[in-house]
Amino acid sequence: MAGICCGVVGETEPAAPVDSTSRASLRRRLDLLPSIKIVADSAVAPPLENCRKRQKRETVVLSTLPGNLDLDSNVRSENKKARSAVTNSNSVTEAESFFSDVPKIGTTSVCGRRRDMEDAVSIHPSFLQRNSENHHFYGVFDGHGCSHVAEKCRERLHDIVKKEVEVMASDEWTETMVKSFQKMDKEVSQRECNLVVNGATRSMKNSCRCELQSPQCDAVGSTAVVSVVTPEKIIVSNCGDSRAVLCRNGVAIPLSVDHKPDRPDELIRIQQAGGRVIYWDGARVLGVLAMSRAIGDNYLKPYVIPDPEVTVTDRTDEDECLILASDGLWDVVPNETACGVARMCLRGAGAGDDSDAAHNACSDAALLLTKLALARQSSDNVSVVVVDLRKRRNNQASS
Amino acid sequence: MKTSQEQHVCGSTVVQTINAPLPLVWSILRRFDNPKTFKHFVKTCKLRSGDGGEGSVREVTVVSDLPASFSLERLDELDDESHVMVISIIGGDHRLVNYQSKTTVFVAAEEEKTVVVESYVVDVPEGNTEEETTLFADTIVGCNLRSLAKLSEKMMELT
(Lines give C-alpha, C1' and ligand atoms only; values in the text may rest on other atoms or scores of the structure.)
Protein backbone atom coordinates (compact mmCIF):
# COMPACT_ATOMS: atom_id res chain seq x y z
CA MET A 1 0.00 0.00 0.00
CA ALA A 2 2.98 2.24 -0.35
CA GLY A 3 2.46 5.65 -1.78
CA ILE A 4 -1.15 5.82 -0.84
CA CYS A 5 -2.45 8.61 1.21
CA CYS A 6 -5.82 7.78 2.39
CA GLY A 7 -7.95 4.83 1.73
CA VAL A 8 -11.14 3.00 1.70
CA VAL A 9 -10.84 -0.67 1.15
CA GLY A 10 -12.78 -3.35 -0.54
CA GLU A 11 -15.98 -1.67 -1.39
CA THR A 12 -18.56 -4.14 -2.51
CA GLU A 13 -19.59 -3.91 -6.09
CA PRO A 14 -22.39 -5.90 -7.59
CA ALA A 15 -20.97 -8.86 -9.45
CA ALA A 16 -23.88 -8.98 -11.81
CA PRO A 17 -26.15 -6.14 -12.82
CA VAL A 18 -28.50 -6.21 -9.84
CA ASP A 19 -30.82 -3.50 -11.02
CA SER A 20 -31.75 -0.43 -11.53
CA THR A 21 -31.78 3.18 -12.40
CA SER A 22 -31.60 4.32 -8.83
CA ARG A 23 -28.48 2.26 -8.16
CA ALA A 24 -26.88 3.63 -11.25
CA SER A 25 -27.61 7.15 -10.18
CA LEU A 26 -26.24 6.41 -6.75
CA ARG A 27 -23.05 5.18 -8.34
CA ARG A 28 -22.83 8.41 -10.24
CA ARG A 29 -23.27 10.38 -7.08
CA LEU A 30 -20.51 8.38 -5.43
CA ASP A 31 -18.30 9.18 -8.36
CA LEU A 32 -18.93 12.88 -8.07
CA LEU A 33 -17.46 13.07 -4.62
CA PRO A 34 -13.70 13.37 -4.25
CA SER A 35 -12.41 10.01 -5.16
CA ILE A 36 -10.77 7.93 -2.51
CA LYS A 37 -7.93 5.53 -2.85
CA ILE A 38 -9.27 2.11 -2.27
CA VAL A 39 -6.90 -0.51 -1.06
CA ALA A 40 -7.33 -4.16 -0.34
CA ASP A 41 -5.37 -4.61 2.80
CA SER A 42 -5.91 -6.70 5.84
CA ALA A 43 -4.15 -4.39 8.28
CA VAL A 44 -7.51 -4.00 9.92
CA ALA A 45 -9.01 -7.43 9.61
CA PRO A 46 -12.69 -7.64 8.85
CA PRO A 47 -14.68 -9.47 11.44
CA LEU A 48 -14.99 -12.90 9.90
CA GLU A 49 -15.36 -15.19 12.85
CA ASN A 50 -18.93 -16.08 12.08
CA CYS A 51 -18.66 -19.23 10.05
CA ARG A 52 -21.89 -18.69 8.18
CA LYS A 53 -20.71 -15.40 6.96
CA ARG A 54 -18.31 -14.80 4.19
CA GLN A 55 -17.09 -11.90 2.24
CA LYS A 56 -18.47 -11.70 -1.22
CA ARG A 57 -17.59 -9.89 -4.34
CA GLU A 58 -14.87 -7.73 -3.04
CA THR A 59 -13.91 -5.52 -5.89
CA VAL A 60 -11.09 -3.08 -5.59
CA VAL A 61 -11.64 0.34 -7.03
CA LEU A 62 -8.66 2.51 -7.63
CA SER A 63 -8.59 6.19 -8.12
CA THR A 64 -6.40 9.01 -7.01
CA LEU A 65 -6.64 11.43 -4.17
CA PRO A 66 -6.63 15.15 -4.39
CA GLY A 67 -3.27 16.31 -3.13
CA ASN A 68 -4.71 18.64 -0.56
CA LEU A 69 -5.61 15.74 1.69
CA ASP A 70 -2.10 15.81 3.01
CA LEU A 71 -2.89 18.50 5.49
CA ASP A 72 0.08 18.77 7.77
CA SER A 73 2.86 18.03 5.39
CA ASN A 74 4.36 21.33 6.39
CA VAL A 75 4.54 20.14 9.96
CA ARG A 76 5.96 16.68 9.70
CA SER A 77 8.11 15.27 7.03
CA GLU A 78 7.12 11.62 7.27
CA ASN A 79 3.54 12.60 6.84
CA LYS A 80 3.18 11.40 3.32
CA LYS A 81 3.23 7.79 4.27
CA ALA A 82 0.75 5.23 3.20
CA ARG A 83 -2.67 5.29 4.70
CA SER A 84 -4.98 2.41 4.59
CA ALA A 85 -8.34 1.48 5.77
CA VAL A 86 -11.03 -1.02 5.26
CA THR A 87 -14.55 -1.27 4.06
CA ASN A 88 -16.32 -4.44 4.82
CA SER A 89 -19.50 -5.64 3.37
CA ASN A 90 -20.91 -8.33 5.52
CA SER A 91 -22.70 -10.37 3.00
CA VAL A 92 -24.75 -13.39 3.76
CA THR A 93 -24.43 -16.87 2.43
CA GLU A 94 -27.31 -18.92 1.18
CA ALA A 95 -27.43 -20.80 4.47
CA GLU A 96 -27.98 -17.67 6.42
CA SER A 97 -30.86 -16.46 4.36
CA PHE A 98 -33.03 -19.19 5.85
CA PHE A 99 -33.36 -16.97 8.88
CA SER A 100 -36.07 -14.44 8.42
CA ASP A 101 -34.30 -11.70 10.34
CA VAL A 102 -30.84 -11.76 8.82
CA PRO A 103 -29.65 -8.18 9.13
CA LYS A 104 -28.45 -6.19 6.16
CA ILE A 105 -25.34 -4.27 7.07
CA GLY A 106 -22.78 -2.03 5.44
CA THR A 107 -19.61 -0.81 7.12
CA THR A 108 -16.79 1.50 6.15
CA SER A 109 -13.76 2.34 8.25
CA VAL A 110 -11.04 4.60 6.89
CA CYS A 111 -7.92 6.26 8.22
CA GLY A 112 -8.67 9.48 6.35
CA ARG A 113 -6.31 12.37 6.97
CA ARG A 114 -4.97 10.98 10.22
CA ARG A 115 -1.53 9.47 10.49
CA ASP A 116 -2.77 6.41 12.34
CA MET A 117 -5.85 4.24 12.17
CA GLU A 118 -7.30 4.03 15.65
CA ASP A 119 -10.95 3.27 14.88
CA ALA A 120 -12.29 -0.26 15.07
CA VAL A 121 -15.63 -1.73 13.98
CA SER A 122 -17.28 -4.86 15.30
CA ILE A 123 -20.13 -6.63 13.49
CA HIS A 124 -21.64 -9.80 14.90
CA PRO A 125 -24.98 -10.74 13.35
CA SER A 126 -26.84 -13.38 15.36
CA PHE A 127 -24.25 -13.23 18.13
CA LEU A 128 -26.83 -14.51 20.57
CA GLN A 129 -30.16 -16.34 20.64
CA ARG A 130 -32.46 -15.49 23.49
CA ASN A 131 -36.02 -16.75 23.86
CA SER A 132 -35.47 -18.20 20.37
CA GLU A 133 -34.90 -14.71 19.01
CA ASN A 134 -31.82 -13.62 17.10
CA HIS A 135 -29.86 -10.74 18.59
CA HIS A 136 -27.32 -8.77 16.58
CA PHE A 137 -24.31 -6.82 17.81
CA TYR A 138 -22.80 -3.72 16.20
CA GLY A 139 -20.06 -1.56 17.64
CA VAL A 140 -17.86 1.37 16.67
CA PHE A 141 -14.79 2.15 18.76
CA ASP A 142 -12.68 5.27 18.31
CA GLY A 143 -9.32 4.92 20.04
CA HIS A 144 -7.09 7.69 21.33
CA GLY A 145 -3.48 7.56 22.46
CA CYS A 146 -3.03 4.31 20.57
CA SER A 147 -5.22 1.75 18.83
CA HIS A 148 -5.04 -1.13 21.25
CA VAL A 149 -7.98 -0.30 23.51
CA ALA A 150 -10.28 0.09 20.50
CA GLU A 151 -8.89 -3.16 19.08
CA LYS A 152 -9.49 -4.94 22.36
CA CYS A 153 -13.09 -3.72 22.37
CA ARG A 154 -13.50 -5.03 18.84
CA GLU A 155 -12.12 -8.41 19.87
CA ARG A 156 -13.87 -8.84 23.18
CA LEU A 157 -16.88 -6.66 23.87
CA HIS A 158 -19.45 -8.78 22.00
CA ASP A 159 -18.37 -11.85 23.97
CA ILE A 160 -18.61 -9.98 27.24
CA VAL A 161 -22.05 -8.63 26.34
CA LYS A 162 -23.18 -12.10 25.27
CA LYS A 163 -22.18 -13.63 28.60
CA GLU A 164 -23.86 -10.85 30.53
CA VAL A 165 -27.06 -11.05 28.50
CA GLU A 166 -27.23 -14.81 29.01
CA VAL A 167 -27.47 -14.32 32.76
CA MET A 168 -29.66 -11.24 32.50
CA ALA A 169 -32.83 -11.28 34.60
CA SER A 170 -35.81 -10.27 32.44
CA ASP A 171 -34.97 -7.18 30.37
CA GLU A 172 -32.46 -5.36 32.56
CA TRP A 173 -30.61 -3.99 29.57
CA THR A 174 -29.19 -0.91 31.24
CA GLU A 175 -27.65 -2.80 34.12
CA THR A 176 -26.37 -5.51 31.79
CA MET A 177 -24.70 -3.12 29.40
CA VAL A 178 -23.16 -1.06 32.20
CA LYS A 179 -21.73 -4.26 33.68
CA SER A 180 -20.39 -5.31 30.28
CA PHE A 181 -18.63 -1.99 29.69
CA GLN A 182 -17.13 -2.07 33.16
CA LYS A 183 -15.81 -5.59 32.52
CA MET A 184 -14.37 -4.43 29.21
CA ASP A 185 -12.66 -1.57 30.98
CA LYS A 186 -11.25 -3.92 33.58
CA GLU A 187 -9.84 -6.20 30.92
CA VAL A 188 -8.16 -3.29 29.24
CA SER A 189 -6.74 -2.05 32.53
CA GLN A 190 -5.42 -5.46 33.44
CA ARG A 191 -3.63 -5.73 30.17
CA GLU A 192 -0.40 -5.07 31.97
CA CYS A 193 -0.83 -8.14 34.17
CA ASN A 194 -1.77 -10.32 31.23
CA LEU A 195 1.39 -9.25 29.53
CA VAL A 196 3.63 -10.23 32.37
CA VAL A 197 1.89 -13.56 32.85
CA ASN A 198 1.54 -14.55 29.23
CA GLY A 199 4.77 -13.15 28.01
CA ALA A 200 3.21 -10.88 25.44
CA THR A 201 1.68 -13.65 23.42
CA ARG A 202 -2.03 -14.18 23.36
CA SER A 203 -3.45 -10.75 24.03
CA MET A 204 -0.84 -9.05 21.93
CA LYS A 205 -1.45 -10.54 18.56
CA ASN A 206 -2.44 -7.16 17.24
CA SER A 207 0.80 -5.46 17.99
CA CYS A 208 0.58 -1.74 18.35
CA ARG A 209 2.99 1.10 18.70
CA CYS A 210 3.06 1.50 22.44
CA GLU A 211 3.33 -2.09 23.62
CA LEU A 212 6.76 -2.36 22.08
CA GLN A 213 7.98 0.43 24.24
CA SER A 214 6.29 -0.27 27.49
CA PRO A 215 3.79 -2.86 28.57
CA GLN A 216 1.70 -0.38 30.44
CA CYS A 217 -0.17 2.48 28.82
CA ASP A 218 -2.46 4.22 31.26
CA ALA A 219 -2.97 7.03 28.80
CA VAL A 220 -4.80 5.05 26.10
CA GLY A 221 -8.54 4.71 25.70
CA SER A 222 -11.44 4.37 23.31
CA THR A 223 -15.01 5.42 22.81
CA ALA A 224 -17.58 2.68 22.47
CA VAL A 225 -20.98 2.93 20.86
CA VAL A 226 -22.65 -0.44 20.78
CA SER A 227 -26.05 -1.50 19.57
CA VAL A 228 -27.79 -4.78 20.29
CA VAL A 229 -30.71 -5.20 17.90
CA THR A 230 -33.45 -7.70 18.73
CA PRO A 231 -36.64 -8.33 16.75
CA GLU A 232 -38.45 -5.88 19.04
CA LYS A 233 -35.87 -3.50 20.39
CA ILE A 234 -32.80 -1.43 19.66
CA ILE A 235 -30.51 -1.18 22.67
CA VAL A 236 -27.78 1.44 22.34
CA SER A 237 -24.98 1.82 24.88
CA ASN A 238 -22.64 4.72 24.52
CA CYS A 239 -19.48 5.82 26.21
CA GLY A 240 -17.63 8.75 24.62
CA ASP A 241 -18.25 10.83 21.52
CA SER A 242 -19.16 8.26 18.90
CA ARG A 243 -22.88 8.22 18.14
CA ALA A 244 -25.87 6.09 17.13
CA VAL A 245 -28.68 7.63 15.09
CA LEU A 246 -31.95 5.96 14.11
CA CYS A 247 -33.58 6.91 10.85
CA ARG A 248 -37.34 6.55 11.32
CA ASN A 249 -39.66 7.61 8.55
CA GLY A 250 -37.09 10.12 7.35
CA VAL A 251 -36.53 11.62 10.78
CA ALA A 252 -33.14 11.39 12.48
CA ILE A 253 -33.49 10.24 16.09
CA PRO A 254 -30.24 10.21 18.09
CA LEU A 255 -30.11 7.13 20.32
CA SER A 256 -27.06 8.36 22.22
CA VAL A 257 -25.82 11.67 23.56
CA ASP A 258 -22.10 12.44 23.18
CA HIS A 259 -20.06 12.50 26.37
CA LYS A 260 -18.33 15.84 26.08
CA PRO A 261 -16.66 17.40 29.14
CA ASP A 262 -18.72 20.59 28.79
CA ARG A 263 -22.06 18.78 28.73
CA PRO A 264 -23.65 20.33 31.84
CA ASP A 265 -24.43 17.06 33.63
CA GLU A 266 -21.03 15.61 32.81
CA LEU A 267 -19.29 18.79 33.96
CA ILE A 268 -21.04 18.52 37.31
CA ARG A 269 -20.22 14.83 37.61
CA ILE A 270 -16.53 15.49 36.92
CA GLN A 271 -16.39 18.35 39.41
CA GLN A 272 -18.14 16.28 42.06
CA ALA A 273 -15.53 13.58 41.57
CA GLY A 274 -12.85 16.20 42.25
CA GLY A 275 -11.83 16.78 38.66
CA ARG A 276 -11.78 19.89 36.50
CA VAL A 277 -12.78 20.67 32.97
CA ILE A 278 -10.29 23.10 31.44
CA TYR A 279 -10.73 24.89 28.13
CA TRP A 280 -7.38 24.03 26.64
CA ASP A 281 -7.91 23.84 22.89
CA GLY A 282 -11.56 22.98 23.57
CA ALA A 283 -13.14 21.62 26.72
CA ARG A 284 -11.01 18.81 28.15
CA VAL A 285 -10.89 16.81 31.36
CA LEU A 286 -7.88 18.25 33.25
CA GLY A 287 -7.06 20.01 29.99
CA VAL A 288 -6.15 16.70 28.37
CA LEU A 289 -9.04 14.52 27.16
CA ALA A 290 -11.82 15.98 25.04
CA MET A 291 -14.44 13.46 26.15
CA SER A 292 -15.87 12.76 29.56
CA ARG A 293 -16.29 8.99 29.36
CA ALA A 294 -14.17 6.29 27.75
CA ILE A 295 -12.99 2.71 28.04
CA GLY A 296 -9.43 2.79 29.40
CA ASP A 297 -7.73 6.10 30.30
CA ASN A 298 -6.78 4.92 33.76
CA TYR A 299 -4.84 8.07 34.48
CA LEU A 300 -8.02 10.15 34.35
CA LYS A 301 -10.14 7.98 36.64
CA PRO A 302 -12.43 8.65 38.45
CA TYR A 303 -13.24 11.73 36.35
CA VAL A 304 -13.38 9.77 33.11
CA ILE A 305 -15.53 6.70 33.61
CA PRO A 306 -16.35 3.68 31.42
CA ASP A 307 -20.05 3.56 32.34
CA PRO A 308 -22.25 3.82 29.26
CA GLU A 309 -25.56 5.59 28.97
CA VAL A 310 -28.10 3.10 27.66
CA THR A 311 -31.24 3.72 25.59
CA VAL A 312 -33.80 1.05 24.79
CA THR A 313 -36.02 1.85 21.82
CA ASP A 314 -38.98 -0.18 20.58
CA ARG A 315 -38.72 -0.98 16.89
CA THR A 316 -41.54 0.22 14.65
CA ASP A 317 -42.55 -0.44 11.07
CA GLU A 318 -41.36 3.04 10.21
CA ASP A 319 -37.75 2.33 11.19
CA GLU A 320 -35.48 2.52 8.18
CA CYS A 321 -31.94 2.20 9.37
CA LEU A 322 -29.51 2.60 12.21
CA ILE A 323 -26.25 4.49 11.74
CA LEU A 324 -23.34 4.04 14.14
CA ALA A 325 -20.29 6.20 13.48
CA SER A 326 -17.21 7.74 14.99
CA ASP A 327 -16.87 11.52 15.34
CA GLY A 328 -14.94 11.56 12.07
CA LEU A 329 -18.41 11.46 10.49
CA TRP A 330 -20.47 13.38 13.04
CA ASP A 331 -18.05 16.31 13.28
CA VAL A 332 -18.85 17.25 9.69
CA VAL A 333 -22.15 15.55 8.82
CA PRO A 334 -25.27 16.39 10.83
CA ASN A 335 -27.60 13.58 11.91
CA GLU A 336 -30.32 14.69 9.49
CA THR A 337 -27.97 14.72 6.52
CA ALA A 338 -26.63 11.28 7.39
CA CYS A 339 -30.15 9.91 7.63
CA GLY A 340 -31.12 11.49 4.36
CA VAL A 341 -28.14 9.94 2.59
CA ALA A 342 -28.70 6.48 4.09
CA ARG A 343 -32.40 6.63 3.34
CA MET A 344 -31.76 7.56 -0.26
CA CYS A 345 -29.44 4.56 -0.66
CA LEU A 346 -31.90 2.15 0.95
CA ARG A 347 -34.86 3.43 -1.02
CA GLY A 348 -32.90 2.92 -4.18
CA ALA A 349 -32.60 -0.76 -3.32
CA GLY A 350 -36.18 -1.22 -2.18
CA ALA A 351 -37.27 -3.23 0.78
CA GLY A 352 -37.89 -6.52 -0.91
CA ASP A 353 -36.41 -9.91 -0.20
CA ASP A 354 -33.43 -9.25 -2.39
CA SER A 355 -30.82 -9.49 0.31
CA ASP A 356 -27.95 -8.75 -2.05
CA ALA A 357 -29.50 -5.47 -3.10
CA ALA A 358 -30.18 -4.52 0.52
CA HIS A 359 -26.62 -5.38 1.49
CA ASN A 360 -25.24 -3.33 -1.33
CA ALA A 361 -27.52 -0.47 -0.39
CA CYS A 362 -26.15 -0.50 3.17
CA SER A 363 -22.60 -0.68 1.85
CA ASP A 364 -23.34 2.18 -0.53
CA ALA A 365 -24.77 4.19 2.33
CA ALA A 366 -21.75 3.59 4.56
CA LEU A 367 -19.34 4.39 1.76
CA LEU A 368 -21.22 7.46 0.62
CA LEU A 369 -21.34 8.84 4.17
CA THR A 370 -17.62 8.24 4.53
CA LYS A 371 -16.88 9.97 1.27
CA LEU A 372 -19.07 12.85 2.32
CA ALA A 373 -17.15 13.18 5.60
CA LEU A 374 -13.84 13.22 3.74
CA ALA A 375 -15.19 15.68 1.19
CA ARG A 376 -16.16 17.92 4.08
CA GLN A 377 -12.58 17.85 5.30
CA SER A 378 -13.02 15.53 8.25
CA SER A 379 -9.58 15.38 9.84
CA ASP A 380 -10.18 12.18 11.76
CA ASN A 381 -10.57 8.47 11.11
CA VAL A 382 -14.07 7.82 9.79
CA SER A 383 -16.02 4.67 10.64
CA VAL A 384 -19.63 4.12 9.66
CA VAL A 385 -22.00 1.19 10.18
CA VAL A 386 -25.40 1.22 8.47
CA VAL A 387 -27.97 -1.40 9.48
CA ASP A 388 -31.15 -1.88 7.46
CA LEU A 389 -34.04 -2.09 9.93
CA ARG A 390 -36.90 -2.44 7.49
CA LYS A 391 -39.03 -5.48 8.13
CA ARG A 392 -38.86 -7.28 4.86
CA ARG A 393 -41.52 -9.95 4.79
CA ASN A 394 -44.21 -7.94 6.50
CA ASN A 395 -43.53 -4.70 4.86
CA GLN A 396 -42.51 -5.26 1.31
CA ALA A 397 -44.69 -2.66 -0.28
CA SER A 398 -43.58 0.17 1.93
CA SER A 399 -41.29 1.85 -0.52
CA MET B 1 14.53 32.65 29.35
CA LYS B 2 12.55 35.43 27.75
CA THR B 3 9.38 36.49 29.45
CA SER B 4 7.64 39.70 28.59
CA GLN B 5 6.78 42.00 31.47
CA GLU B 6 3.03 41.61 31.34
CA GLN B 7 3.16 37.88 30.63
CA HIS B 8 1.87 35.87 33.49
CA VAL B 9 4.18 33.06 34.56
CA CYS B 10 3.33 30.12 36.76
CA GLY B 11 5.04 27.02 38.00
CA SER B 12 4.71 23.96 40.15
CA THR B 13 6.58 20.95 41.49
CA VAL B 14 5.66 17.29 41.18
CA VAL B 15 7.28 14.70 43.45
CA GLN B 16 7.34 10.96 42.85
CA THR B 17 8.82 8.26 45.08
CA ILE B 18 9.98 5.14 43.26
CA ASN B 19 10.74 1.69 44.68
CA ALA B 20 13.91 1.28 42.67
CA PRO B 21 17.53 2.37 43.10
CA LEU B 22 18.67 5.72 41.82
CA PRO B 23 21.07 4.45 39.12
CA LEU B 24 18.26 2.52 37.45
CA VAL B 25 15.81 5.43 37.56
CA TRP B 26 18.41 7.88 36.34
CA SER B 27 19.47 5.61 33.49
CA ILE B 28 15.90 5.74 32.11
CA LEU B 29 15.30 9.41 32.80
CA ARG B 30 18.57 10.78 31.41
CA ARG B 31 17.93 9.49 27.90
CA PHE B 32 16.93 12.77 26.28
CA ASP B 33 16.89 11.01 22.91
CA ASN B 34 14.49 8.30 24.09
CA PRO B 35 11.66 9.66 26.24
CA LYS B 36 9.21 7.14 24.81
CA THR B 37 10.25 4.47 27.28
CA PHE B 38 8.19 6.12 29.99
CA LYS B 39 6.36 9.08 28.46
CA HIS B 40 3.18 7.60 27.05
CA PHE B 41 2.10 10.77 25.33
CA VAL B 42 5.17 10.62 23.11
CA LYS B 43 4.64 8.89 19.80
CA THR B 44 7.98 9.52 18.12
CA CYS B 45 11.17 11.31 19.07
CA LYS B 46 13.95 12.44 16.76
CA LEU B 47 17.08 14.39 17.59
CA ARG B 48 17.19 17.55 15.51
CA SER B 49 20.68 18.40 16.67
CA GLY B 50 23.27 17.06 19.06
CA ASP B 51 23.94 13.53 20.26
CA GLY B 52 21.66 13.46 23.28
CA GLY B 53 24.02 15.49 25.44
CA GLU B 54 23.67 19.09 26.62
CA GLY B 55 22.50 21.42 23.87
CA SER B 56 20.75 18.66 21.93
CA VAL B 57 17.35 19.44 20.44
CA ARG B 58 14.65 16.82 20.01
CA GLU B 59 11.42 16.88 18.04
CA VAL B 60 8.71 14.96 19.77
CA THR B 61 5.37 14.01 18.21
CA VAL B 62 2.56 13.20 20.58
CA VAL B 63 -0.20 10.60 20.44
CA SER B 64 -3.66 11.30 19.03
CA ASP B 65 -6.39 13.49 20.47
CA LEU B 66 -4.17 15.61 22.71
CA PRO B 67 -4.10 19.41 22.51
CA ALA B 68 -0.81 19.25 20.58
CA SER B 69 0.80 17.24 17.83
CA PHE B 70 4.49 18.07 18.19
CA SER B 71 6.99 19.81 20.42
CA LEU B 72 10.57 21.02 20.01
CA GLU B 73 12.64 20.61 23.16
CA ARG B 74 16.22 21.44 24.12
CA LEU B 75 18.38 19.77 26.72
CA ASP B 76 19.87 22.68 28.67
CA GLU B 77 21.63 20.71 31.35
CA LEU B 78 22.46 17.08 32.04
CA ASP B 79 24.49 16.43 35.19
CA ASP B 80 25.24 12.76 35.78
CA GLU B 81 26.86 13.48 39.12
CA SER B 82 24.21 15.49 40.86
CA HIS B 83 21.45 13.89 38.75
CA VAL B 84 19.93 17.05 37.39
CA MET B 85 18.27 17.47 34.02
CA VAL B 86 16.95 20.76 32.65
CA ILE B 87 14.79 20.84 29.52
CA SER B 88 13.26 23.83 27.70
CA ILE B 89 10.41 23.70 25.24
CA ILE B 90 11.44 25.92 22.33
CA GLY B 91 8.61 25.27 19.86
CA GLY B 92 5.60 23.22 18.91
CA ASP B 93 1.90 23.56 18.15
CA HIS B 94 0.84 23.53 21.78
CA ARG B 95 0.13 26.12 24.42
CA LEU B 96 3.11 25.56 26.72
CA VAL B 97 5.12 28.66 25.88
CA ASN B 98 8.44 29.37 27.62
CA TYR B 99 8.20 26.08 29.47
CA GLN B 100 11.29 24.99 31.33
CA SER B 101 11.56 22.06 33.68
CA LYS B 102 14.23 20.95 36.10
CA THR B 103 14.23 17.34 37.19
CA THR B 104 16.34 16.26 40.15
CA VAL B 105 16.77 12.73 41.41
CA PHE B 106 17.64 11.88 45.03
CA VAL B 107 18.26 8.74 47.04
CA ALA B 108 15.34 8.51 49.46
CA ALA B 109 15.78 8.18 53.19
CA GLU B 110 14.44 4.66 52.91
CA GLU B 111 16.76 2.14 51.44
CA GLU B 112 16.53 1.29 47.75
CA LYS B 113 14.07 4.06 47.05
CA THR B 114 14.43 7.09 44.82
CA VAL B 115 12.70 10.44 44.86
CA VAL B 116 12.21 12.33 41.61
CA VAL B 117 11.38 16.03 41.86
CA GLU B 118 10.29 17.85 38.73
CA SER B 119 9.72 21.61 38.85
CA TYR B 120 8.65 23.76 35.95
CA VAL B 121 7.79 27.30 34.97
CA VAL B 122 5.58 28.21 32.02
CA ASP B 123 3.65 31.19 30.65
CA VAL B 124 -0.05 31.26 31.47
CA PRO B 125 -1.70 31.26 28.05
CA GLU B 126 -4.38 33.75 27.19
CA GLY B 127 -7.81 32.55 28.22
CA ASN B 128 -6.59 30.38 31.08
CA THR B 129 -5.84 30.96 34.74
CA GLU B 130 -2.64 30.09 36.56
CA GLU B 131 -4.45 27.30 38.34
CA GLU B 132 -5.70 25.77 35.10
CA THR B 133 -2.26 25.94 33.55
CA THR B 134 -0.54 24.22 36.46
CA LEU B 135 -3.32 21.63 36.71
CA PHE B 136 -2.83 20.76 33.04
CA ALA B 137 0.96 20.64 33.27
CA ASP B 138 0.84 18.74 36.58
CA THR B 139 -1.38 16.13 34.90
CA ILE B 140 1.15 15.55 32.14
CA VAL B 141 4.23 15.64 34.40
CA GLY B 142 2.53 13.49 37.04
CA CYS B 143 1.51 10.93 34.43
CA ASN B 144 5.09 10.76 33.13
CA LEU B 145 6.60 10.35 36.59
CA ARG B 146 4.10 7.68 37.65
CA SER B 147 4.91 5.86 34.48
CA LEU B 148 8.65 6.23 35.17
CA ALA B 149 7.99 4.71 38.59
CA LYS B 150 6.05 1.77 37.17
CA LEU B 151 8.67 1.06 34.54
CA SER B 152 11.56 1.24 37.05
CA GLU B 153 9.73 -0.99 39.49
CA LYS B 154 8.91 -3.48 36.76
CA MET B 155 12.53 -3.59 35.70
CA MET B 156 13.44 -4.26 39.33
CA GLU B 157 11.07 -7.24 39.44
CA LEU B 158 12.57 -8.68 36.29
CA THR B 159 16.16 -8.47 37.53
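For this structure, a couple of remarks:
- Other residues with beta-carbon under 9 Å from the beta-carbon of A:VAL140 carry, at +1 per Lys or Arg and -1 per Asp or Glu, a net charge of -1.
- In this simple spin-label model, placing a label point 7 Å from the Cα along the Cα-to-Cβ direction at both A:GLU336 and A:SER379 gives a separation of 2.7 nm.
- Cβ neighbours within 10 Å from other chains - mean over A:273-286: 4
- Accessible carbon and sulfur surface of region B:9-157 relative to its total accessible area, %, 1.4 Å: 50 percent
- Highest average packing first - B:48-54, A:240-246, Cβ atoms within 10 Å: A:240-246, B:48-54
- Distance violations [Cα-Cα > 31 Å] among A:LYS179/A:LYS371; A:LYS186/B:LYS43; A:LYS162/B:LYS154: A:LYS179/A:LYS371; A:LYS162/B:LYS154
- Peptide B:148-155 has a mean shielding of 2, counted as Cβ atoms of other protein chains within 10 Å of each residue's Cβ.
- Amide H contacts of A:TYR279: A:ARG284, each under 5 Å away and 5 or more positions distant or on a separate chain (H built 1.01 Å from N in the peptide plane; Pro and chain starts excluded).
- Dividing the summed -39500 (n - 2.57) terms of all DSSP H runs of n ≥ 4 by the residue count of chain B sets its mean residue ellipticity at 222 nm at -8000 deg cm²/dmol.
- Mean partner shielding of peptide B:56-66, defined as the number of other chain Cβ atoms within 10 Å of each residue Cβ, is 5.
- Taking chain B and dividing mean pair separation by its residue count, relative contact order in percent (alpha carbons under 8 Å, at least six apart): 30 percent
- Temperature 25 °C, viscosity 0.890 mPa s: under these conditions the Stokes-Einstein estimate for region B:88-129, based on its Kirkwood radius over C-alpha pairs, is 196 µm² per second.
- At least 20 Å² of accessible area lost relative to the chain alone, listed for region A:129-152 with a 1.4 Å probe: A:HIS144, A:GLY145
- Proportion of all alpha-carbon pairs of region B:13-80 beyond 15 Å (%): 58 percent
- Remark: region B:9-157 projects, on average over all directions, an area of 8.7 nm² (convex hull of Cα atoms).
- Summed over the residues of region B:9-157 and divided among them, the accessible surface reaches 42 Å² per residue at a probe radius of 1.4 Å.
- With the highest mean first, a sort of the peptides B:36-44, B:88-96 on other beta-carbon atoms found within 10 angstrom per residue produces B:36-44, B:88-96.
- Cubic angstrom per residue, convex hull over Cα atoms of region B:37-123: 115 Å³
- Put simply, chains A and B cover up around 2900 Å² of each other's accessible surface, both sides summed, when a 1.4 Å probe is used.
The values are calculated or read from the model by the stated rules, or taken from the named source; none is laboratory data. Owing to the predicted nature of the structure, the values given are computational and were not obtained by experimental measurement. So basically every Cβ, Gly included, is an ideal-geometry build from the backbone, and we count neighbours across all protein chains shown. Just the protein is used for accessible areas: all its heavy atoms, side chains included, with ligands, DNA and RNA removed. Shrake-Rupley method; radii C 1.70, N 1.55, O 1.52, S 1.80 Å.
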